[in-house]
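A quick write-up on the structure given underneath.
The values are calculated or read from the model by the stated rules, or taken from the named source; none is laboratory data. Predicted, not measured: the structure shown is a model, and the values here were computed from it. Every residue, glycine among them, receives a Cβ derived from its backbone with ideal geometry; neighbour counts consider all protein chains shown.
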Amino acid sequence: MRTTASGVSCATFTVACNRRFVNQQGVREADFINCVAWRSTADFIGRYMTKGTKVAIDGTIQTRSYDAQDGTKRYVTEVVVDNIEFAGSRGEAPRPRDEAPLPPVPPAGNPGAGSGSAPGGFTEVEDDELPF
């Protein structure tokens, strides 16, 4: 993560993509794709994404070039990310980096049996009351 001189957020990262097939040695190879995201997408990535997070990316492939300090011309191909989403299960999605973990939920027990309400706004029911 970085911020430009004009205050625009920018995130640069690499996504590893496993190839569909194994090589002649029986090893599945991976491609490492350079990505860049700007503004709110970059802020989202900086806040929620960590190494190893499974993601789905929507964007465009762009090429650019620049002159390196040694005078050579360098070429870069990268995905400019328009949208990024978690691709793993819900349990794999990390919390924001600056958010404290949620407190543990107390055991339900039978505290609201008389009133019909349980912690979290749920209504307790007996198994024989279920319609299925």
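Data overview
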| item | result |
| --- | --- |
| When residues of the range 5-17 are limited to those that are in a loop (DSSP other than H, G, I, E, B) and of a type outside the set (S, T, N, Q), the one surrounded by the most Cβ atoms within 10 Å (Cβ to Cβ) | Val8 |
| Candidates Arg39, Arg20, Arg28, Arg2, filtered to the one that is free of Cβ contacts under 8 Å to residues at least 40 places away in the same chain and surrounded by 11 or more Cβ atoms within 10 Å (Cβ to Cβ) | Arg39 |
| Lone unmet requirement of (1) at pLDDT 95 or above; (2) among the small types (Gly, Ala, Ser); (3) in a loop (DSSP other than H, G, I, E, B) for Ala100 | (1) |
| Matching residues in the range 16-49 - criterion: being among the polar types (S, T, N, Q) and over 15 Å from Glu85 (Cβ atoms) | Asn18, Asn23, Gln24, Gln25, Asn34 |
| Count - residues of the range 30-41 that are in a helix (DSSP H, G or I) and within 17 Å of Ala56 (Cβ to Cβ) | 1 |
